[in-house]
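Peer 1: One structure is given below, represented as structure tokens, and several questions about it will come after.
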Amino acid sequence: MKCYEGNILTVDSENTVCRYLVENNGIIQYVGNELPNEFKNLETIKLGSKALIPSFVDTHQHFASLSTFNAGLNIMNASSNREMLVMIEEFVKQTKNKVLICFGASPYSVQEKKLICKTELDTVCPNKELMVVKYDGHACIINTKLLKKLDKKLSKLRGYHPDTGEMNQEAFFAVSDYITRSLSILKLIKNMQKCIDFHAKQGIGMIHSVSGVGFPFNLDITIEKIFAKSLKNNFQLRIFPQSMNPKVAKRRKLSRIGGCFECALDGCFGSHDAALIEKYIDEVSGNGVLYYSDEKVIDFCKKANRLGLQIELHAIGDKAFNQATKAIKEALDDFPRKDHRHGIIHACLPTKEGIEICKDYNIQLPIQSAFINWSQEPNDYLESILGKKRLNLLNPIKTFYENNIIVSFGSDGPCTTPNPIEWIDKAVNNDNQNECITVQDALRMCTYNGYFTTFDEKKRGSLEKGKIADMVILSDNPYSVNKHNLKNIKIEKLILSGKPYVSCNRNALITLISGIFSKRKY
């Protein structure tokens, strides 16, 4: 039994700040300002100027992909394509793998202002298969070696550009399928263990993972489920199969379905395939790509909703947002459910009519405040393709909040690195002053709302008596520091079920076997 004394930010319904919290065997026994006599002789941890908060949640990421890419080469911070090539050349020399993965190429954050191409990759990696994933996770560039391997299949698909080596849409998905199938199960599990440890350093105690990215028989979904059950350090993993077939979830006894890839209704701004009502305004123009007909999306939502599944759909452009909201509305009109918690991921460019549907039908939004002022997709680029008016409509967190829509934050990892302190900072200090929110509301979107999204709020997400003691100690109190210094707050410790976080690192085969036989919730 322990007592914490100091700034206890409960994130309860009133955003109460208390002086004391008592935990015993992983359960919160008391929260308040006057310590009862029965607890006065306890070991007391004095927080001083620090703060104790609920643990963070990443409500949208591709866990298997993030784990895989983290084991590859991250080139996101390269200032030029020339610097990327130097990094890749060194990476090629250091690794013995025959298939190489790099992540984070962008034409908008490098000096050359163009995407690295196949010919350039061939100069540093001619003899191994190389896939360089674009920063948005919806496209890649491949070298000649890999192109020759897959050309017969790729040439029949949308998004195939053999001259530059850039692969978009279905061609990108096919390359991803090939890459993921080259990984061994045990290697993937080791990568997952390292990835969970990384999240713990960010104060994250739960991940909502969207899975199903090309492994045969959706093996990554099964492995994530087994891995989640194997965890013995009280870290939580909730899995959404990325499928338009509800049976993929039901046969695995999962209560959720959705995500990106197969459940993506459109692409993204960086690849000009986010679906727009009005055309892009640059020389590329067009309205983007709507992957499915309204009828197909409505049919999927109706089937999944009738089976009691929680649905999440990817929508970035306003045309896709409208399609998502209308499909979920049709499903709920067909078969009403009081507490469905269906959601629309990203919701970058919403419409007024779509927002009204979200409000009226209680559709929640797992969004990415990390996309605000994102160096990989900066505002000047977005303005150049969307115009000033639509730029100012992007990521309207305050508008969502004022319409009583439940908003939670996630990384969309590997697109951005999971970092809840950054999520808070960007939501509070948004350049678009009309959409700034309070620190209290931003913290709720990173904690309680995230647990709410997957029906976990009764046990976690706020520091209240009877709840599980999943907590984070911050270096400073976010409620009292200058809002422009929020980004400087550090994660001091993650505490899960009352105990300091313990690393996942152990034998991968033992992890696999224990997960298969475990009855732990996932």
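The values are calculated or read from the model by the stated rules, or taken from the named source; none is laboratory data. Bear in mind that the values here come from a model prediction, so they are computed numbers and not experimental data. Glycine gets a Cβ as well: all are built from the backbone with ideal geometry, and neighbour counts include every protein chain shown.
Peer 1: Check segment 318-340 and report whether any residue there is without any contact (Cβ under 8 Å) to a residue 60 or more places away in the chain, part of a loop (DSSP other than H, G, I, E, B) and buried (at least 24 other Cβ atoms within 10 Å of the Cβ).
Peer 2: no
Peer 1: Shifting gears a bit: Is there a residue being out of contact with any Leu (no Cβ under 9 Å at 6 or more places or on another chain) and either part of a loop (DSSP other than H, G, I, E, B) or closer than 30 Å to LYS225 by Cα (or both) anywhere in segment 82-91?
Peer 2: No; the residues of segment 82-91 include none that is out of contact with any Leu (no Cβ under 9 Å at 6 or more places or on another chain) and either part of a loop (DSSP other than H, G, I, E, B) or closer than 30 Å to LYS225 by Cα (or both).
Peer 1: Further question: Restricting to segment 315-369, count the residues that are aliphatic (A, V, I, L, M), closer than 25 Å to ALA427 by Cβ and more than 21 Å from the chain's Cα centre (by Cα).
Peer 2: Of the residues in segment 315-369, 3 are aliphatic (A, V, I, L, M), closer than 25 Å to ALA427 by Cβ and more than 21 Å from the chain's Cα centre (by Cα).
Peer 1: Now for a separate question. Can you run down the residue pairs with Cβ atoms below 8 Å, 6 or more apart or on separate chains, where the first is in segment 507-522 and under 20 Å from GLY205 (Cα atoms) and the partner is assigned to a helix (DSSP H, G or I) and of a type in the set (Val, Ile, Thr)?
Peer 2: What qualifies is THR511/ILE189; GLY515/ILE226.
Peer 1: Follow-up. (1) assigned to a loop (DSSP other than H, G, I, E, B); (2) on the phi > 0 side of the Ramachandran plot; (3) over 30 Å from the mean Cα position of the chain (by Cα): which one isn't true of ASN15, the others all being true?
Peer 2: Among (1) assigned to a loop (DSSP other than H, G, I, E, B); (2) on the phi > 0 side of the Ramachandran plot; (3) over 30 Å from the mean Cα position of the chain (by Cα), ASN15 violates only (3).
Peer 1: Another question, then. Only residues that are buried (at least 24 other Cβ atoms within 10 Å of the Cβ) and not charged (D, E, K, R): list them for segment 257-268, please.
Peer 2: Correct list: ILE257, GLY258, GLY259, CYS260, CYS263, ALA264, LEU265, GLY267, CYS268.
Peer 1: How many of the residues making up segment 167-178 are surrounded by fewer than 23 Cβ atoms within 10 Å (Cβ to Cβ), hydrophobic (A, V, I, L, M, F, W, C) and in contact with a helix residue (DSSP H, G or I) (Cβ under 8 Å, 6 or more places away or on another chain)?
Peer 2: Matching residues across segment 167-178 total 1.
Peer 1: Mind listing whichever residues of segment 377-404 are in contact (Cβ under 8 Å) with a residue 60 or more places away in the chain and in contact with a helix residue (DSSP H, G or I) (Cβ under 7 Å, 6 or more places away or on another chain)?
Peer 2: If the condition is that a residue be in contact (Cβ under 8 Å) with a residue 60 or more places away in the chain and in contact with a helix residue (DSSP H, G or I) (Cβ under 7 Å, 6 or more places away or on another chain), then GLU377, LEU382, ILE385 are the ones that fit.
Peer 1: Test SER514 against the criterion of being surrounded by fewer than 17 Cβ atoms within 10 Å (Cβ to Cβ) and either within 27 Å of ASP425 (Cα to Cα) or among the hydroxyl-bearing types (Ser, Thr, Tyr) (or both), and give yes or no.
Peer 2: No.
Peer 1: For the structure I just gave you, tell me whether ILE311 is touching an Asp or Glu at 6+ places or on another chain (Cβ under 9 Å), under 23 Å from GLY137 (Cα atoms) and among the aliphatic types (A, V, I, L, M).
Peer 2: no
Peer 1: Counting only residues that are over 30 Å from ASP441 (Cα atoms), more than 25 Å from the chain's Cα centre (by Cα) and either in the same structural domain as SER49 (by TED's automatic domain parsing) or not β-branched (Val, Ile, Thr) (or both), how many does segment 464-514 have?
Peer 2: 4
Peer 1: Name the residues in segment 476-501 that are surrounded by 15 or more Cβ atoms within 10 Å (Cβ to Cβ) and assigned to a loop (DSSP other than H, G, I, E, B), would you?
Peer 2: Correct list: ASP476, ASN477, PRO478, TYR479, VAL481, ILE489, SER497, GLY498, TYR501.
Peer 1: On to the next question. In segment 105-160, what residues are in a helix (DSSP H, G or I) and either in the same structural domain as GLY267 (by TED's automatic domain parsing) or surrounded by 24 or more Cβ atoms within 10 Å (Cβ to Cβ) (or both)?
Peer 2: Matches in segment 105-160: LEU121, LEU146.
Peer 1: Taking segment 1-23 as the region of interest, how many residues are under 14 Å from GLY461 (Cα atoms), touching a residue at least 24 places away in the same chain (Cβ under 8 Å) and among the acidic types (Asp, Glu)?
Peer 2: 1
Peer 1: Answer yes or no as to whether ILE468 is of a type in the set (A, V, I, L, M), surrounded by 18 or more Cβ atoms within 10 Å (Cβ to Cβ) and more than 16 Å from TRP423 (Cα to Cα).
Peer 2: Considered against the rule, which asks whether it is of a type in the set (A, V, I, L, M), surrounded by 18 or more Cβ atoms within 10 Å (Cβ to Cβ) and more than 16 Å from TRP423 (Cα to Cα), ILE468 comes out as yes.
Peer 1: Criterion first (surrounded by fewer than 23 Cβ atoms within 10 Å (Cβ to Cβ) and either among the basic types (Lys, Arg) or farther than 25 Å from LYS326 by Cβ (or both)) does ASN362 satisfy it?
Peer 2: No.
Peer 1: So ARG444 passes all but one of these: (1) outside any helix (DSSP H, G or I); (2) basic (Lys, Arg); (3) surrounded by 19 or more Cβ atoms within 10 Å (Cβ to Cβ). Which condition number does it fail?
Peer 2: Of everything listed in (1) outside any helix (DSSP H, G or I); (2) basic (Lys, Arg); (3) surrounded by 19 or more Cβ atoms within 10 Å (Cβ to Cβ), ARG444 misses just condition (1).
Peer 1: Sticking with this one: With (1) within 22 Å of ALA71 (Cα to Cα); (2) without any contact (Cβ under 8 Å) to a residue 12 or more places away in the chain as the list, and LYS113 as the residue in question, which single condition is left unmet?
Peer 2: LYS113 satisfies every listed condition except (1).
Peer 1: Residues in segment 214-230 that are surrounded by fewer than 24 Cβ atoms within 10 Å (Cβ to Cβ) and either closer than 16 Å to LEU66 by Cβ or of a type in the set (Phe, Trp, Tyr) (or both): how many?
Peer 2: Residues that pass the stated criteria total 5.
Peer 1: When the residues of segment 30-81 are narrowed to those that are among the hydroxyl-bearing types (Ser, Thr, Tyr) and closer than 30 Å to MET192 by Cβ, which ends up surrounded by the most Cβ atoms within 10 Å (Cβ to Cβ)?
Peer 2: Taking the candidates together, the pick is THR59.
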